[in-house]
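Take a look at the structure below.
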Amino acid sequence: MYPCAIRVGDVQVGPLLAAGHAEQIGRRATTAHTWRAMPSRHHIARSRCGRLVVALVIASACSRPGESAAPPDATGIDSLNARLERTYHDHDAARYAALFTDSAMFEWPAVPTVRGRPALQAMANGLWPALPELELKLIVGTRRLAPTHATEIGAFEESWRDSTGGRTTEFGRYVTVLARQSDGSWLMDRFFGFSDSTHASPKAK
């Protein structure tokens, strides 16, 4: 896929242009998300998390053939992120899955990779009903833009009303690889995330 690619695990990547920054992010990974692993698998998940973040970021650093044109504007990615946040609020699994490419991959430490729109929709349908008043906030850190693809690194805050009537907020980080479509819009082609911490706020009196 990439003319200057080498292989890291099951991902072809280019020269280590972004490895230092990606490894710094990977070292902060934990496994406390909604899809978190059991504590006994913590070290395995953390190691896998670091490797995957490095692989995803490095993969985006190598140009594809014919991509000498100026990168596109990022407005479409901002729109995609806003629609993603809205699908969480609405518990709309079908619209959530439609924000990904047909061959998209969703990865979380120590959890089997979710592949394709039908599986992504099924994942959301299985998880969201147990998370009332669900909200997602994305905080973009950096982006790398090319004419046909982009990589975004940032932080997220995911919150929901818990069984006490208060709200639980999960803080974490993510990497997305996005593919530009023929109409100029963007879809997520690969998502990788991990949790930093959670915080419970008591019910307001």
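Every number in this text was worked out from the coordinates using simple rules, so none of it is lab data. Nothing here was measured: the structure is a model prediction, and the numbers come from that model. Virtual Cβ from ideal backbone geometry, glycine too; neighbours counted across all protein chains shown.
What to note about this one:
- Members of the stretch 125-166 that are without any contact (Cβ under 8 Å) to a residue 12 or more places away in the chain and aliphatic (A, V, I, L, M): 130
- The condition (being among the hydrophobic types (A, V, I, L, M, F, W, C) and out of contact with any Lys or Arg (no Cβ under 9 Å at 6 or more places or on another chain)) is satisfied by just one residue among 200, 122: 122.
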